[in-house]
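In what follows, a single structure is set out as structure tokens and then discussed.
The values are calculated or read from the model by the stated rules, or taken from the named source; none is laboratory data. Being a predicted model, the structure only gives us computed values, none of them experimental. All Cβ positions, even for glycine, are placed from backbone atoms using ideal geometry, and neighbour counts span all protein chains on display. All accessible areas refer to the heavy atoms of the entire protein, side chains included, with ligands and DNA or RNA removed. Shrake-Rupley method; radii C 1.70, N 1.55, O 1.52, S 1.80 Å.
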Amino acid sequence: NVECRFPAHDYETWSVLIDRQDANTLYSGADDSQLRVWDLRSTSSHVQRCSLFDGGVCSILPTRSDPTNHLLCSSYDERIDLLDKRNMKRSVKQSSKLHGGVWKMKMHESRDQLLCACMHYGVHIVDANELTSLLYYNGHELNSLAYGCDWMPKKTKSDASSDIVATCSFYNHNLRIWKCFHD
């Protein structure tokens, strides 16, 4: 059953997040370079609009350190922005350009690190607090569009010194499984 349907953006909607702190709040990002905030009790219009982006909003995540007040948003403009939900007129912090458009972000299960599929420029592991790249991986070739990424959950404490990562690319249809070591 469809509970509710409404036009959210002027162009394709690429990302959506239901706020885990307030189930009545929904965030959507789109090719129109906007992040919009919706109150699900009344979807006739958006509650807030964030127009900081120079490209489409590709991925939206809560932060691990302050999920009540902060969001991470990635964009086709090649950056990640840390936003305060209470005032989204400016970024709290912005990453440098990661190149190629940050299409997908996944938070690590136990560390403040983001796995980022950066389309034309491979995959980055980014410090989620400083928004700086810690590691760059380009096993997908630069012209293949890194589109998806995920961390494999740890099964044992002996796995603690490394992470298994899965990434995929668009044009060459590749799925890569690789190991990332850390201290």
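State, to one decimal in nm, how far the label point of Ser51 lies from the label point of Met152, with both points 7 Å from Cα in the Cβ direction.
Calculated label separation equals 4.6 nm.
What whole-number value in Å² describes the accessible area per residue of the chain for a 1.4 Å probe? It would help to have the intermediate numbers written out before the result.
Details: 9890 Å² over 183 residues.
Result: 54 Å² per residue.
Considering only C-alpha atoms, what is the centroid distance from the stretch 115-129 to the stretch 1-56, in Å?
About 24 Å separates the Cα centre of the stretch 115-129 from the one of the stretch 1-56.
Provide the net charge surrounding Glu78, with neighbours chosen by a C-beta distance below 9 Å and charges set as Lys +1, Arg +1, Asp -1, Glu -1. List each step's numbers first, then the result.
On the way: positive: Arg79, Lys97; negative: Asp54, Asp77.
Every neighbour counted, the sum reads 0.
Return the Cα extents of the stretch 29-183 along principal axes one, two and three, sorted largest first, each rounded to a whole Å.
Largest first, the stretch 29-183 extends 47, 36, 28 Å along its Cα principal axes.
Provide the gained length on full extension for the span Ser65 to His120, in nm with one decimal, where the gain is 0.36 nm per separating residue minus the Cα-Cα distance.
Details: separation 55, 0.36 × 55 = 19.80 nm, distance 2.95 nm.
This chain segment gains 16.9 nm when fully extended.
For the stretch 11-61, divide the Cα radius of gyration by the Kirkwood radius and give the resulting Rg/Rh value with two decimals. Kindly include the intermediate steps, with their values, before the conclusion.
Details: Rg = 10.5 Å, Rh = 10.9 Å.
Radius of gyration relative to Kirkwood radius: 0.96.
Give me the one-decimal nm value for the distance between modelled label points at His182 and Arg90, 7 Å along each residue's Cα-to-Cβ direction.
Going from the His182 label point to the Arg90 one covers 3.1 nm.
Kindly give Rg over Rh for the stretch 97-152, based on alpha-carbon atoms, with the Kirkwood expression for the hydrodynamic radius.
Answer for the stretch 97-152: 0.95.
Determine the gain in length on full extension of the stretch Leu134-Ala23; use 0.36 nm per residue of separation and subtract their C-alpha separation, reporting nm with one decimal. Before the final figure, lay out each step's value.
Working: separation 111, 0.36 × 111 = 39.96 nm, distance 3.30 nm.
Extending this stretch completely gives an extra 36.7 nm.
To the nearest 20 Debye, how big is the dipole of the stretch 50-126 about its Cα centre, given +1 on the beta carbon of each Lys and Arg and -1 on that of each Asp and Glu?
Numbers: 11 positive and 8 negative charges, 27 e Å.
Here the size comes out at about 120 debye.
Out of the chymotrypsin sites (Phe, Trp or Tyr not before Pro) in the stretch 1-34, which ones are loop residues according to DSSP with at most 15 other C-beta atoms within 10 Å? Write out the running numbers ahead of the final one.
On the way: sites: Tyr11, Trp14, Tyr27; in loops: Tyr11.
Taking the stretch 1-34 and a limit of 15 other Cβ atoms within 10 Å, the loop chymotrypsin sites (Phe, Trp or Tyr not before Pro) found are Tyr11.
Please work out whether the stretch 1-101 counts as rounded, prolate or oblate from its C-alpha gyration tensor, where a ≥ b ≥ c are the square roots of the eigenvalues and a/c under 1.5 means rounded, while otherwise a/b larger than b/c means prolate and anything else oblate? Provide the component values of the computation, followed by the final result.
Working: a/c = 1.96, a/b = 1.32, b/c = 1.49.
Oblate shape, in that a/c is at least 1.5 and b/c is the bigger or equal ratio.
Step by step: find N for the stretch 47-115, compute 2.2 N^0.38 Å, then divide the Cα radius of gyration by it. What's the final number? Spell out each step's value before the answer.
Working: Rg = 11.5 Å, N = 69, 2.2 N^0.38 = 11.0 Å.
Relative to the 2.2 N^0.38 Å estimate, the stretch 47-115 comes out at 1.04.
Among the listed pairs Lys97/Lys179; Lys104/Lys179; Lys85/Lys179; Lys104/Lys154, which have their C-alpha atoms separated by more than 29 angstrom in this model?
Values: Lys97/Lys179 25 Å; Lys104/Lys179 19 Å; Lys85/Lys179 34 Å; Lys104/Lys154 21 Å.
Pairs exceeding 29 Å: Lys85/Lys179.
Where a Cα-Cα gap under 16 Å defines reach, which aspartates and glutamates qualify for Lys89, not counting those fewer than 8 residues away within the same chain?
Filter leaves Asp54, Asp81.
Out of the trypsin sites (Lys or Arg not before Pro) in the stretch 60-168, which ones are loop residues according to DSSP with at most 11 other C-beta atoms within 10 Å? Walk me through the numbers before you get to the answer.
Details: sites: Arg64, Arg79, Lys85, Arg86, Lys89, Arg90, Lys93, Lys97, Lys104, Lys106, Arg111, Lys154, Lys155, Lys157; in loops: Arg64, Arg79, Lys85, Arg86, Lys89, Arg90, Lys97, Arg111, Lys154, Lys155.
Answer by residue number: Arg86, Lys89, Arg90, Lys155.
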